[in-house]
Amino acid sequence: MTAVSRFFKRCAGCAAHLRRKSCAPGTLKPCLKSVSVTRIANGGSARVVCVQGDGRAAKQLAAMGIVPGATIVKKGASLLRGPILLTKGSTQFAIGYDMALRVLVDKIDKQ
Amino acid sequence: MGLTKKVAIVGNPNVGKSLVFSRLTGVGVISANYPGTTVDTKTGKLVHAGEEFELVDVPGIYSLEALSRADEAAIHIIDTCDIVVNIIDATNLERNLNLTLGLLAKAKPMVVCLNLWDDTAHKGISIDLAAIEEILGVPVVAASALRGDGIPRLVDKLHSARPGRALCKPADTWAHIGAIVEKVQKLSHRHHTALEMLADFTIHPAGGLVFAALVLAAVFAIVRVMGESLASRVCEPLFSHLYNPFILHLCQHIPLTFVKELLVGRGADPLASFGILSTGVYIATVLVFPYFVSFYLLFGLLEDVGYLPRIAVVLDTLFHRLGLHGYSSIPVMLGLGCKVPAFLATRVLTTKREKILTMSLILMSAPCLPQSAMIISLGMRYGTSVVVAVFAILFLLAIGTNVILNKVTKGVTPELFMEIPAYRLPSLRLMARKLWIRIVEYFAEVFPMIAVGVLVINILDALSVIRFVTNALDKPLSLLLGLPREIAPVLILGFLRKDVSIALLAPFGLSAGQFVIACVFMVLYIPCIASFFTLIKELGALAAFRVMAIVFGSAVAIGALLNGAFSLGKMWGFSV
């Protein structure tokens, strides 16, 4: 691995990464289909199942309405594991990739 | 009554609290279209129907949970005020109601103001005011602070502010909000507007980067062209044909030579005479002011349109490698203008580590605008490549230092979490007012500083302190940096005003290499007096001195390195 690629490398939300962290109390039960919001295709809708960890990230997300049961739309992702763009209602916001990894969602299929 | 009631203007970030505040009180505040513009509280008075209100413009918060220093300050004000005015972005009812429900539970007399009401129509949103007033149980007013609509009604309602009550348990807040929104708000379908399509493009992973590069390049090109033509067509002629003859004529009759020399200096060249009213005024009005106006005109436009948060998202990936997240790019960009507001803007950052890293980046990545203006106008005598070299060296040094700092300091890199506001067409009147506030602040700060600087240098000169310092710095300057010893007094002046100090390099006849070293060193070695005290205030003395020591160390190291490289180059026959 070159120094340059090491400089840009970050975890891509592997299964082990997801399992290490527990969901905050009071969340919906993740089913087998649940994935990190990073795995949702751009433009896709999803229902939030749980926000892992209960630190400041979870509080910030809760203040924006990213709570279990909320429906969000993934607007886009940036290159090199940059921020993920989400919309909830008419609010658009960007969250860091690592924070997005901790938002577990169920994909909502288009009808 | 006679008792002044304290009114806190509270709301989510970027809902127009500062605009409402300034409409109510007439106090000029800087507003912009990105979350976190207000980090300091401002107060103003309002007298209406025999009652006196003291209004406080509170920094924006998303919830009543303190996650940063700005949040803590805001929550403290809410707890100590008599009336809460909750400003809500009417186009984002759902998200804003979270804070509103929290505020209602505090049982303080409260008024709710649905701001940006004019935007709801073309966004296809209709809100039932009577219904929402009934649900919340406190007065609700629709307003547009940008146009001034609804503000008188808001003032009337201050008298009938009623205490709210908790509507639901904190755990059920979002479910309850969903029910409220369902009841009071109707959405109609509409197509993407041109602004929204632009919004999507400017935040696109690849398109956004290209756009950001184009915007930055355009800003610099326009600032240069506008600044130069303002300087040469307007400011310079005004100075040399009107102001200078007038002031020389006035001072002719002063009998004391010392006072006269202090005021207008010796000789006719405004840059070399070194008087408060000649050199001081010339630097402030002809050399710096044109660039200042051009930069803040464009920057104000970018702020009000809402582009800055998008740059922050686009730059997040890069900033992550520096131990920061993209939001830090906003203070860094502010720092291109002046370091003081840039340092203040770091208050929204949550950890001390983040603040230290951002501040070192602000200090090192680029000079402030007056300095840049001086580097460009003096450096162009040597050619474009010299100017580019100065900025490139500073930029690379800043990145390098931050990568190292990020490696050696403990702590985790925080995650970006930022709301992206919709693009808004800026109001020309507001932009003009903002520019005016900045110009007034510039002159209020710049003139006293220059006057003091010139005075101090003259006094030091008279007391032969300068000769002493010059002798003391002689060896280090020539050996380490390869600069002439006469530069020493300029270095002392640099603490007072760094732009002035760079302007004073002109008479030394430096070679191109020496000029690059002198500029890089003088941009870095110490912050100017205003940013020095802001840094201490924001970080605490210990951390501030640590940051300054790191920056000073890098300045000496890069200066010596460049000097070594240039000397080697000279030995091998390159001309530098």
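Structure notes:
- Residue ID - nearest to the other protein chains (Cβ to nearest Cβ), chosen from residues in region B:171-192 that are in contact (Cβ under 8 Å) with a residue 60 or more places away in the chain and within 38 Å of the chain's Cα centre (by Cα): B:W174
- So B:A130, is it within 14 Å of chain A (Cβ to nearest Cβ), free of Cβ contacts under 8 Å to residues at least 24 places away in the same chain and more than 16 Å from B:F21 (Cβ to Cβ): no
- Selection over region B:49-68 of residues that are modelled with pLDDT under 85 and either part of a strand (DSSP E or B) or touching a His at 6+ places or on another chain (Cβ under 8 Å) (or both) gives a count of 1.
- Residue match in region B:448-463 (condition: touching a helix residue (DSSP H, G or I) at 6+ places or on another chain (Cβ under 9 Å) and at positive phi): no
- Enumerated helices (runs of 4 or more DSSP H) restricted to region B:458-558, each holding at least 1 residues that are among the charged types (D, E, K, R), more than 24 Å from B:A389 (Cβ to Cβ) and within 22 Å of the chain's Cα centre (by Cα): B:529-539
- For region A:71-109, a residue qualifies if it is surrounded by fewer than 17 Cβ atoms within 10 Å (Cβ to Cβ), touching a residue at least 60 places away in the same chain (Cβ under 8 Å) and in a loop (DSSP other than H, G, I, E, B), and exactly one does: A:L80.
- A single member of B:S372, B:S360, B:S328 is polar (S, T, N, Q), part of a helix (DSSP H, G or I), within 14 Å of chain A (Cβ to nearest Cβ) and at negative phi, and it is B:S328.
- Within region B:398-415, at least one residue is of a type in the set (K, R), surrounded by fewer than 20 Cβ atoms within 10 Å (Cβ to Cβ) and in a helix (DSSP H, G or I).
- Any hit, region B:413-436, residues being more than 21 Å from the chain's Cα centre (by Cα) and over 30 Å from B:T91 (Cα atoms): yes
Here is a yes/no grid of residues against (1) surrounded by 14 or more Cβ atoms within 10 Å (Cβ to Cβ); (2) over 35 Å from the mean Cα position of the chain (by Cα); (3) in the same structural domain as B:K17 (by TED's automatic domain parsing):
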| residue | (1), (2), (3) |
| --- | --- |
| B:N92 | yes, no, yes |
| B:N96 | yes, no, yes |
| B:A105 | yes, yes, yes |
| B:C113 | yes, no, yes |
| B:H122 | no, no, yes |
| B:A194 | no, no, no |
| B:M197 | no, no, no |
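- If you go through region A:93-102 and keep only what is within 7 Å of another protein chain (Cβ to nearest Cβ) and either in contact with a Pro (Cβ under 8 Å, 6 or more places away or on another chain) or farther than 22 Å from B:I177 by Cβ (or both), you end up with A:A94, A:I95, A:G96, A:D98, A:M99.
- Condition met for B:L46 (under 28 Å from B:R438 (Cβ atoms), surrounded by fewer than 20 Cβ atoms within 10 Å (Cβ to Cβ), aliphatic (A, V, I, L, M) and modelled with pLDDT of 80 or more): yes
- Region B:182-192, residues that are within 23 Å of A:A62 (Cα to Cα) and surrounded by fewer than 18 Cβ atoms within 10 Å (Cβ to Cβ): B:E182, B:K183
- Candidate set from region B:194-217 (those that are under 30 Å from A:A62 (Cα atoms) and of a type outside the set (A, V, I, L, M)); member that is nearest to the other protein chains (Cβ to nearest Cβ): B:P205
- Residue among B:A142, B:A166 that alone is among the hydrophobic types (A, V, I, L, M, F, W, C), more than 14 Å from B:F21 (Cα to Cα) and free of Cβ contacts under 8 Å to residues at least 60 places away in the same chain: B:A142
- Within region B:422-439, one or more residues are within 14 Å of chain A (Cβ to nearest Cβ), part of a loop (DSSP other than H, G, I, E, B) and not hydroxyl-bearing (S, T, Y).
The values are calculated or read from the model by the stated rules, or taken from the named source; none is laboratory data. All values reported here derive from a predicted model rather than from experimental measurement. Glycine gets a Cβ as well: all are built from the backbone with ideal geometry, and neighbour counts include every protein chain shown.
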